[in-house]
Structure formats: structure tokens, C-alpha cells
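To start, the structure under review is shown below, and the notes come after it.
Every number here is computed from the coordinates shown, using simple stated rules; none is lab data. Keep in mind that what you see is a predicted model, and the values were worked out from it rather than measured. Reconstructed Cβ throughout: ideal geometry from the backbone, glycine too, with neighbour counts over all protein chains shown.
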Amino acid sequence: MSSKFHSRGVGRKGRIDLFPYLLNIPAIIVLGIVIGVPLVQVLIMSLSEYSFFGNSPFVGLDNFIRLFTRDRVFWSTVRNTVIWTFVSISLEFTFALAISLLMNRIIHMKGFLRGLVLLPWVVPPVTVGLIWKTILDTDSGLLNNILVSLGGSKQPLLSSPDQALWVLIAVVIWRYSPFMIISLLAGLQSIDKGLYEVSAIEGASPFQNLRYITLPLLRPVMLVVLAQGTIWRIGHFDLVSMMTGGGPAGSTELLATLAYSKTITELNGGSGAAVALVTLIITLLIGLPIFNRLLKERG
Amino acid sequence: MIRKMTVMLLLALSVIGGIWANGSNEKKDITITMQHSMVPPEANELLKQFAEQYKEETGVTVEISYVPWESQRATTLAKIASGNTPDILHGNSNQGTAEWVEMGAMTDLADFISDEMKEELIPTAFDELGTYAIPFLQSPEAAIFYRPALFEEAGVTPPAPGEAWTWDEFVEAAKKLTIDADGDGEPEQWGFAERGLSGFIAMKTYIPHLWAFGADIIKPDGEGGWKSGLDEQAAVDAIAAQAALVTEDKVMKPSYLSWGLPEAMRAWGENDMAMFACGMWWADSVKEEYGHEFGKDFDVMAFPVSENGNEFSFSTFDYFTIPTTSKNKEEAYKFIEWIILDPQRMADLAVIDNYLPPTTKSALADPRFSDESFPLWSERFALWSDWSRFMPASSKYAGMWTSTIIPIWEEIVTGRRSVEDGVALMDSEIKAQLGQ
Amino acid sequence: MNYRIYRRIKTIFIYAGAILVCMLMVFPIYWMLLSSLRGGSIGAGSIIPDPESFSLLAYKNVFKMFPFVTWYKNSVIVSVSTTVLSVFIAMFSAYSMARFSFRGRGAFGLAILISQALPTILLAIPLFSLLSKMGLLNTYPGLILSNVARALPFSIWMLWGFFQGIPRELEEAAEMDGLSRIGTLFRIIFPLSASGIAAVMLFAFVLGWEEYLLSLMIMTSDTMTTLTVGAARMIGGQSVLWGELMAYSAMMTIPVAFVFVAAQRYLVSGMTAGAIKS
């Protein structure tokens, strides 16, 4: 392994190879400033009785303890977030994979269709919330109108604590699946077409192609897309905040919306920071295993 | 290798340098900054005009910036925390101005407020926040809008302008006004509706119910502090009555839980409900959106009261405040006074923002507020301001309550939790927050 | 004979399926467009367009009521800068992660992971203070820097994923030809992962384009506001300026899709041809 492409950071003569470190300097600067410094402050916030103006006395782990033992909504929020994340990501991934496989076979209007698929992601957040709220309106919304005309009955949808979370899951899948679809498409595209030619000569079926060529080669992208999607989904805020604000009756309260309401609405920055750190830890717990996998595979 | 390193270093340095180079922004003239949240774009224009005129008269530059209400709280908090605040803030009873004051983040303007100002402002101006904030608009709340035509059809007589129904009379009327013509269990017309439960607005929707029964969320404890008002029977009765509107009397649509004003506006237009609880400021919106005429298409009545309830109304205010971290407090105050003491400017501002009554006597005398088509202000409001009270403690703790009390209240009203249980739980929450 | 028909039916199904899905995805946007042309409240309208009732009034109003062009300019500047900077920086880092095993690789990866794990609002409050002290509030660099920090983690991840898919033999061959490591990055890896890079550029752009909270906090004056924040102005406490909001949103959304489609063809065409069989 003497190539400089398999460098372990130590050159043949034992000198430290600075190159990989240099490559990372810009990222470290940016992340250090924008995320690093505030993160330290959030940590401090979580350990204090935070006041936006004036003193914030240190209280140790008080905020966390209160959160875990006395907070009325914390555990249900965690539950909501877990359900929300896993259900929506699984469904979204399956959907996106199917769509991208489908779209990869298309030759005409390829670019146009991809442009179309992109649209849900690019509509401004405020508008998305509003449009869907209107479509899903209990009384005069389009969805209920269709249901009724098909012989069903009006569903409370967003005004029911039982249905709201599931409805929101559907909306969030609509909104963010373009990310997965386009990523998977990009991955599919970089698979060498020649491989399929070879397998065609050997008489392989489409299913075999999928199983032995496509999916294995797509695996790195699939993993990254799943991991990234999950991380984003755990910390999701925008749509839920705009459409239900965590209600009704806390049924759509997620960790990010809880952090927001504790900090901004209740003025309890310490508790909000504690929720934020819990979110961070949960995200790490889920992201780390996948991440370690990626780390080990190559490099 | 060295070349590569140099390139990297230069890249890094240029990023840093670019950032740093943007650091300096010296201002030589006095500039004060004002953040407002008045919704109509015309209001923004008007304020900018004020700024221009002010600059001509005094040479002081005023920079106007707008922040929508939904994000006003978050952005203002971030500014307060950073010490970099505008010189003038536009706050509102609903948005927690009392909480800024409580934090010590707002300046006590007692030394700045001139006698002239004290003369001009209405008597109740300093009731809520003392001299920490100067109100410029008032919003009379806790009214019930009703449709005279629908009342006539159902044979219901509304209470006389100076009076209020009792709770029982109200429920009876609401039942008569709930009409299910095709008998499918879904009334086409509901007797009563009120706005959904989201954030601070929920407080305005819910508190009148408590007051109607003589209860309150917190009450003075007689020693200068506060105690929970929810451990009284009156509180249980009040909330039970409210829940009953949905579950037993069935005069209120269950889905109101997710209603905001736009949904209410639409429902109004479709004649979905005969009565709607809202602030009187809604009158202008209804007029604008549907051209409904006051007195003909809609009228306003007071919130009903029970035997041990008080007759009441309350107002919320729009305020100007000056943060403690402002470096131009005196100049900021002068600009505020310049606006407030001019009846024309005040009246213009008030008219643009939904015809909310201004807070100065001279501006209230503007013909636009005693216009034939708006007898609301002269008749109703004058009558009701006798009953007016504010929610001083309520606005002080509103933030906390919104997150902890309101969800429980929701559960009660949707029947997911019994009234006794729910009220007891809310009571313990309040006590916990009051440190009791 | 049978096989040809089978193939044709299969093709039809594939296209039909794709079109159906696109229709589903696009329906709310279709509605958005329709409402913008009707200019009124959505609820009452039917789904079928009635060309006679169309009017561009809402669009004109948007320009009249707000400094729309300024906001558009702001959004474009911020988003494009975010994209270019993010991808550039991410490329370097992804390359280091994919090809080198240096001490601190794991730590760096962890840092990237942590960077995305914090809810934005908690980040925004100290960040606001920090940017204020650095004099970057209400400036392009301030918002761009913040957006880049948001975009970097996933950009690095994704590019790393794409880079990994490229066989090392190519680089070793290049090394034997005397190409430097940076040269390899630009001449070999970059072209081969073009579709991945295009995807990442798109994502970074969308992130910058639709960022609400940071934009709201950092851009404090009217003239620097971005489109996402400006949109909130049409939502008043009582009513929504439906027509205008839909027109505004349409003008925000459609051009991005167009650019994406155009860029796609440019970036990806012909790049995957010429890959060596692995």
C-alpha cells in the first residue's frame, strides 16, 4: 500500500501527511463558527436556569431531571417523534426507491419529469402548510369532499388527536420525497450501463438485475439517503409547526417543536436546550451505527 | 506540495477576510430603529412616511423594519438575548409584552413620559403595564358576533345593547340556533363557535369562559402575590359548561379545535354559525371580506354570564416599548411621542390596522371613529369600557400557560379527559409554576 | 411477436406509472397555479380550469405590494452562493473521508453528524448573538455562512457516498501517470461523480432557497429579506391574500424547477459514458 491514495496520514518516511487535514480546514472553520460556538452555548443553557435577559444561574442537571420525571409532555413527545420518524422514513424510502427505479427507465422527457418531481420540495414552506391545510380542512377541504362523494364520511383529519400525526406523515412524505428520489436517481445513473448489457447477454431477468446489480451498487447511496433522511426527520420543525403547532392535544408535538415552544413560548430556555440536547443524543444514537458502517467500508 | 498548501491557506484566509471585512458600519447621524408587526403592507408604508417626515423635521433617521406576529416573539427574544435590539419595539398584550417587562428587558419610561402625553392617553392606558409601555391601539375583546337575520329566522331575541344573557339563556338560544334541516346529525348551522386553540390566542378564547362564571386562572392572594384560581368550584363549573357546549348541548362544532381566523372567516361567509366569539376588531375584517353591514348583517353582544359571574369585557393593547439595551432611548421616545400626540397620525395608523380604536382622546374624536357605519365604537364600546378589565397576571404568565394549560384544556373540551380531572391537573400546574 | 408486445405494454405501464406519480406529487402545485390565476380564495373553486376566468391580477399585485424583485435577488444571491461554497468545501472534505484514513477521521465524521442534530431554534439564538458581534447581521455573508454550515454535513456525506462508488484503480492509474492528488480530485473524481455532485448542488440550493428561520433571524431589514420570509407577509392574522400568495409561490417555485431541468441536461449528459467497467 504505497500509493498516496491509501495514505494513512503517515508517509513512507513517517512524516505526517498534512493533505487530508488541509482538505478539511474550510469545513472546520465554517462548522466551528456557525455550529460549534452556539452548541457550546446551548450546552451551557441546558445546565442553567436560563433567562434571556439577566442572570442565568447554574443549576446542573436540574433541567434534564425535570424533563424526564416531571414534564407532562416529554415522553409522549419522544414517542411521537419516534413513530413519526420511523414510519415516515420507511414509507418514504420505499416510495422513493420504487419511483426512482421507475423513472430511471424513462428516456423521453426525462429532465422534465424530474423537474416535476422536484416541485414539492421547492414550494415555500408557508405555502405548503397553507395549501395542505386547505385541502385537509375538516369541513370544506378537498380531501373530505372527495371522500364524501365516494360514499365515505368526513374525517376530522388534522383536528383529531388520533389522525393528525398520520396525516402529517403523509404530507411530509409528499414534501421531502424529492430528496430521496433525486438522490437515488443520481445513484442509479452512475451505475455503469455496460453491466446491464453484459447481464442481458447472459439472459438475466429484470428481477435478477435488480437484485444482483442495481441494489448492491446502489447500496452506499441508499444508506446515506436513509441515514440523512432520518436525521432530518428527527429534527423536523417547519411543516408540523405551521400546520398544527403540535396540537391537537399534543398529538403532533415533536422534539423540535417542543424545544421551540419551551424556549420561545414558555421562555424556559434551559428546558428547551435540554430538549435540544436530548434530540442531539437520539440523533447520534441512530446516526452513529450507520455512520460507523460507512466509515469502515473503505478508507 | 507547498503550492497546494499555499492555495489552501489562501482560500481559508480569504473566507475569513471576507467575513471580517464586512464588520464595519459606521453611522454618523443619529439613527433609531423601529421594529413593528402591523400586518397590512400599507401600515409599513405609512410608518415609512412618518420616518421621512420625522427626518425632515428633526434630522433623525428612523429605520423601520417589519416582523410578522408569528415570528415576532422568537426574533425579539433572540435580539434581547444578544443585546442587539431595535430602539423601539411594537408589542402586544397577546404577544407577551408583559413578559418582556417582567424580565427587566424594557425601560421604565416614567421619566420620559410628558404631562402632555398623560393628558392625551385614555385613562386605562397604563393599567396593564404601568409606564413600561405606551399603548397606541386598543382591541376590545370578548364579544360575540351574531347574525340578526338568522336570529330572526329562529325566533331568538338578542339581549339589549347594554345587557348580557345569562349562561342558561345563552345555551337555550344556541340550541334554537343550531339547525339540522336534513336530519343527518350534521347541523348545517351551528348556534355558537369560537376560535381554535393555538398559542396565545387560546387565552383570549378561554379566559372569558372562566370570567363568565366568576372564576379566573390566577387571583390575587391578598398579600400582593398570586394564587391559583382553578381550585374553586366556579372554575370547574365554567369549564364544564364550555365542554358541554360541544359534548352535551351540541351547539358548537367539534372541529373548531383547529380553527384559526381564516377558517372562521370562511365559515362566517358560509353562514355556518349564528354566533361567533371574537374581539370587536373583527368587525372591520368581516365588513371588508363580505361587505357585511353592522346592524344589518351582524351585530355584537356581550359574553354571557352566570349568576355569580361578572359582566365584563377586556381590551388588549398594541404597545411601543423601548428595550433596556437601546442606545438611543431619548430619541426613541421622542419619535414615539411625535406619533402619539398627533391626532391625524394616530387616527391614520388606527384606521389602517383594522379600525382598532387609537388610545388618545384627540384621535378618537376623528370622524372616522364615530362614523355611522361604525357605531360599535361609540355605542358598544363606550358601554362596555365600564366593564373593562385587563389580564395583567394573565399576560405575564401567558407564555407558560399556553404550553401547559391549554393542551389540558383541549383534552377536556374534546372529552378526552373528565372536567374534574383536567381542572385539578391544570390547578397543580399553575401551582407548580407559581412555586407553590 | 409476444415479446415485442410485452415490451410495449411494459413501456406504457412504466410511463403511465411515472406520469401518475408525477401528477400526485404535482397536484397541490397545480392547485397553487390555478388559485393564483383565479386570484381568490381557494375553497370555492373546482379543479377544472376555466381559462376565461383567468387573470394575472394577483401577479401584478405581488410586484405592487412588495419589493418582490429585491427579495428575489436576495434569495438568488444567497442560494447560489450557498450552493457553490457548500459543494466546493464539501468536495474537499468528502475526498479526504473517502480516500484517506487519517487520524481524526472518525472525530471529524462525528462532528459532521453532530452539526445536523441540533434543532434550529436553539442554534439560532446564540448564533444571532455571535453574528451580531461579528458584524454579520443583515448581510449576505452572514446568511450564506449560516446556510453553508447547514448544507455542509449532508453535502459531505452524500459526496462521500458517491466518491466511494468510484473504483480506486482509476486514481492509481492517474497517479502512475504523474497526476497530483488535487488534480485527481478535479480531473477524475469530479467528472465521474457528476450526477452526484449535481444532486448535491441541487440540495444545497434548495436548502438555501427554502430556509426560513435563519433567514428570518439574520436578515433584519426589508431590503435584505429573502423570498421565504417575505411570503409570510401575505398571511395576516385574519385572512390570507390567497391569490397573491399563490402567485408569489408560483414565481418562487417554477423557475427553480426550470433551472434544475436545464442544469440536469448540462451537467449529467455524457458524463457517465466512458466509465470503466469495474
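Of the residues C:Gly104, C:Gly17, C:Gly165, the one that moves most in a GNM of chain C with alpha-carbon contacts below 10 Å is C:Gly17. Computed about the Cα centre, the dipole magnitude for the stretch B:72-177 is approximately 560 debye when only Lys and Arg (+1) and Asp and Glu (-1) carry charge, each at its Cβ.
Counting pairs of Cα atoms in the stretch C:30-165, how many percent are more than 23 Å apart? The calculated P(r) of the stretch C:30-165 puts 58 percent of pairs beyond 23 Å. For C:Ser53, A:Ser160, B:Ser428, the sequence from fewest to most other C-beta atoms within 10 Å is C:Ser53, B:Ser428, A:Ser160.
When you look at the Cβ of every residue in A:224-231, what mean number of other chain Cβ atoms sits within 10 Å? Mean shielding by partner chains, rounded to a whole number: 4. Mean residue ellipticity at 222 nm, helices only, the protein assembly as shown: -18500 deg cm²/dmol; runs of at least 4 DSSP H residues each add -39,500 (n - 2.57), and the sum is divided by the number of residues. Principal-axis analysis of the Cα atoms of chain B puts helix B:329-340 at an angle of about 50° to the longest axis. Seen through its C-alpha gyration tensor, with square-root eigenvalues sorted a ≥ b ≥ c, the stretch A:109-183 comes out prolate because a/c lies at 1.5 or above while a/b is bigger than b/c.
Only Lys, Arg, Asp and Glu carry charge here, each on its Cβ (+1 for the first two, -1 for the last two); on that basis the protein assembly as shown has a dipole of about 7920 debye about its Cα centre.
Within the listed set C:Tyr248, C:Tyr59, C:Tyr30, the Gaussian network model of chain C (springs between alpha-carbon atoms below 10 Å) gives the highest mean-square fluctuation for C:Tyr30. Projecting the Cα atoms of B:His209, B:Leu434, B:Trp190 onto the charge dipole of chain B, computed from C-beta unit charges around the Cα centre, puts B:Leu434 farthest toward the positive end. Work from the charge dipole of the protein assembly as shown (Cβ charges, +1 for Lys and Arg, -1 for Asp and Glu, about the Cα centre) and give the residue of C:Leu192, B:Tyr256, B:Ala149 farthest towards its positive end. In the protein assembly as shown, that residue is C:Leu192.
When the pairs B:Lys79/B:Lys327; B:Lys250/B:Lys287; A:Lys262/B:Lys79; B:Lys334/C:Lys133; B:Lys176/B:Lys253; A:Lys133/B:Lys253 are compared against a 20 Å limit on Cα-Cα distance, B:Lys250/B:Lys287; B:Lys334/C:Lys133 fall above it.
Calculated on the alpha-carbon coordinates, the convex hull of the protein assembly as shown measures out at 183 cubic angstrom per residue. Of C:Ala199, C:Ala124, C:Ala111, the residue with the greatest mean-square motion in the GNM of chain C, using alpha carbon springs below 10 Å, is C:Ala111. Taking a ≥ b ≥ c as the square roots of the Cα gyration tensor eigenvalues, with a/c under 1.5 meaning rounded and otherwise prolate when a/b beats b/c, else oblate, which class fits the stretch B:30-151? Cα axes put the stretch B:30-151 in the rounded bin. For the stretch C:106-118, 3J(HN,Hα) computed residue by residue from phi via the Karplus equation (6.51, -1.76, 1.60; θ = phi - 60°) reads x, 5, 4, x, 4, 4, 4, 4, 4, 4, 9, 8, 9 Hz, glycine and proline entered as x. Take the convex hull of the alpha carbons in the stretch A:207-299; its mean projected area over all directions comes to 8.6 nm². Dipole size of the stretch C:56-268 about its Cα centre, with +1 on Lys/Arg Cβ and -1 on Asp/Glu Cβ: approximately 260 debye, rounded to the nearest 20. For B:Val305, the residues 5 or more places off, or on other chains, whose built amide H falls under 5 Å of its own are B:Trp165, B:Thr166, B:Trp167. Using only the C-alpha atoms, the convex hull of the stretch B:234-369 corresponds to 191 Å³ per residue. In chain C, if the dipole is taken from +1 on Lys/Arg beta carbons and -1 on Asp/Glu beta carbons about the Cα centre, which of C:Trp31, C:Ile48, C:Met91 is farthest to the positive end? The residue sitting farthest along the positive end of the dipole is C:Met91.
All Cα-Cα distances of the stretch A:73-296, cut into 5 Å bins from zero to the largest, leave 1, 6, 12, 15, 15, 15, 12, 9, 7, 4, 2, 1, 0, 0 percent in each bin in turn.
Scaled against 2.2 N^0.38 Å for its residue count N, the alpha carbon radius of gyration of chain B is 1.11. Our Cα-only numbers for the stretch C:56-268 put the radius of gyration and Dmax at 20.1, 70 Å. Across peptide B:405-417, the mean count of Cβ atoms from other chains lying within 10 Å of each residue's own Cβ comes to 3.
When peptides B:140-149, C:130-139, A:188-197 are sorted by average Cβ neighbour count within 10 Å, with the highest value leading, the order is B:140-149, C:130-139, A:188-197. For the stretch B:138-249, averaging the sequence separation of C-alpha pairs within contact (under 8 Å, six or more residues apart) and dividing by the residue count gives a relative contact order of 16 percent.
Averaged over C:248-258, how many beta carbons belonging to a partner chain fall within 10 Å of each residue's beta carbon?
Values: counts 3, 8, 2, 0, 4, 8, 4, 1, 6, 9, 2.
What the average comes to for C:248-258 is 4.
Per-residue 3J(HN,Hα) values for the stretch B:236-242, derived from phi via the Karplus relation 6.51 cos²θ - 1.76 cosθ + 1.60 with θ = phi - 60°, read 4, 4, 4, 6, 4, 5, 5 Hz in sequence order (x marks Gly and Pro).
Is the stretch B:100-210 best put as rounded, prolate or oblate by its Cα gyration tensor, with a ≥ b ≥ c the root eigenvalues, rounded for a/c under 1.5, and otherwise prolate when a/b is larger than b/c, oblate when not? Prolate is the answer for the stretch B:100-210, as a/c is 1.5 or above and a/b outweighs b/c.
Principal axis analysis of the Cα atoms in the stretch C:177-266 yields extents of 69, 28, 17 Å, listed in decreasing size.
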